Amino acid sequence: MLSAVQVWNPDDWELFAQTLLHGRHGPLHVQKIPAAHQGDYGIDYYCTKDAVAYQCYAVEEPIDIAVRAERQKKKITTDLTKLIKNHVEIGKLFHGAPIRHWVLMAPLHDSKDVNLHCAKKTKDLRDTGFSAFDPTVEVIIQDPSNFPTDAVALGMSALSKVTLSIPAPSQSELATWAAGSSDLLANAAGKLKKRAPPDKLDDVVGEAVRSFLQGNALLDALRSGSPDLHEKVMSAVRSRARRLKFAGPQPGGSAGEILHAELDALIAAMQAAAPSLSTENAEQIAYGSICEWIMRCPLDFPNVQ
C-alpha cells in the first residue's frame with residue numbers, strides 16, 4: 001500500500017510544531033528561543049510549567065527509514081551537546097526548576113534505532129549531574145501521531161502550502177492491484193487504444209494504473225492528515241465528474257486533446273478550491289482522478305476511432 005509523506009521546509013515544520021505545542025500546553029505556557037542571536041541552546045520551544053524542552057527537526061523528504069533515522073540521531077546528539085554546554089543558562093530559563101523531558105519534534109518517527117539512541121543520550125544527560133536536569137530526565141522523540149487528530153488537522157489547515165511526496169508503486173503492488181481489477185484494466189485498455197498505438201498500449205495503460213494508485217494514496221493522506229483540505233479537493237473533483245457525466249467531453253477533439261482539456265480544467269478547479277495544495281500534488285491527484293474516470297467511466301472518447 002502506497003503511503004504519502006508530508007514534505008516540510010524547516011520554517012513550516014517549526015510553525016506547525018508550535019501549533020501542536022500550544023494545544024498541548026496552552027499558548028501562554030510555550031516560549032520560543034530565537035536562533036538568530038547566539039544560537040538556540042539546543043532548544044526551539046520550552047514550557048516551564050511542565051519542565052519540558054523541544055527541538056524541531058524535519059529531514060528533507062523523500063528519504064528511506066535508515067537515512068532518516070541516522071539524521072535524527074545526529075540531530076539529537078548535536079543539540080544535546082549544546083544543551084549540556086549551556087546548562088547554566090538553561091537553568092535560568094527554567095527558573096531553577098530542572099528539565100524533566102527533552103523532546104525532538106519530527107514529522108515522522110519510524111525507527112527503533114532512534115529510541116535506542118534516545119535511551120543512550122538519556123543516560124548521558126543524567127550522568128552530567130547538572131542541576132538544570134532532573135535526575136530522571138528523559139530524551140524522547142515524538143511526531144504528530146503523539147497529538148490529537150483535531151490538533152494536527154488544525155495545524156495543517158493553517159499552512160500556506162501543503163506538499164506531499166508519494167513513491168511510485170512497486171511492480172508487486174501493481175501486480176496485486178491488477179490481479180483483482182481485470183474489469184477496470186479492460187475498460188482502460190478499450191478506451192486508451194484510441195489514444196495510443198497497439199505497440200504502446202500496455203505502457204499507456206500501465207502509466208494510467210500508476211497514476212490512479214498514486215492519486216488515491218495522496219487523497220488518503222489528505223483525508224487523515226488534513227480533512228478540510230481533502231474535502232475541498234474532493235468537492236472540486238466531484239464537481240468536474242458531475243459535469244462530465246452530464247455533458248460529456250468537449251466534442252470534436254482527439255483523445256489527447258480531450259485529456260489535455262480535462263486535466264487542465266480539473267487542476268484549475270482544485271487550485272481554486274484548495275490554493276494551499278501544491279501544484280505538483282494537484283497535478284498528481286488530477287492524473288489519478290482522470291485515470292479513474294477512464295477505468296470506471298464517465299470519461300470516454302466517443303467520436304475517436
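Taking only the range 246-278 into account, find how many residues are touching a residue at least 60 places away in the same chain (Cβ under 8 Å) and of a type in the set (D, E, K, R). First the steps, then the outcome.
Going residue by residue through the range 246-278, those that are touching a residue at least 60 places away in the same chain (Cβ under 8 Å) are 255-256, 259, 276-278.
Now narrow it down to the ones that are of a type in the set (D, E, K, R): none.
Qualifying residue count, the range 246-278: 0.
If only residues of the range 135-153 that are among the acidic types (Asp, Glu) and in contact (Cβ under 8 Å) with a residue 24 or more places away in the chain are counted, the one that is nearest to Leu116 (Cα to Cα) is Glu138. Screening Val7 against (1) more than 23 Å from Leu108 (Cα to Cα); (2) in contact with a Pro (Cβ under 8 Å, 6 or more places away or on another chain); (3) of a type in the set (Val, Ile, Thr) leaves a single unmet condition, (1).
Conditions tested, residue by residue: (1) part of a strand (DSSP E or B); (2) more than 17 Å from the chain's Cα centre (by Cα).
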{"position": "Lys75", "(1), (2)": "no, yes"}
{"position": "Glu89", "(1), (2)": "no, yes"}
{"position": "Gly96", "(1), (2)": "no, yes"}
{"position": "Leu116", "(1), (2)": "no, yes"}
{"position": "Ala119", "(1), (2)": "no, yes"}
{"position": "Arg126", "(1), (2)": "no, yes"}
{"position": "Gly129", "(1), (2)": "no, yes"}
{"position": "Glu138", "(1), (2)": "yes, yes"}
{"position": "Val152", "(1), (2)": "no, no"}
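For the range 173-222, filtering for residues that are outside any helix (DSSP H, G or I), without any contact (Cβ under 8 Å) to a residue 60 or more places away in the chain and basic (Lys, Arg) leaves 1.
Computed from the coordinates by the stated procedures, all read-outs in this text should not be read as laboratory data. Just so we're clear, the structure is a prediction, and the values are computed from it rather than from any experiment. Glycine gets a Cβ as well: all are built from the backbone with ideal geometry, and neighbour counts include every protein chain shown.
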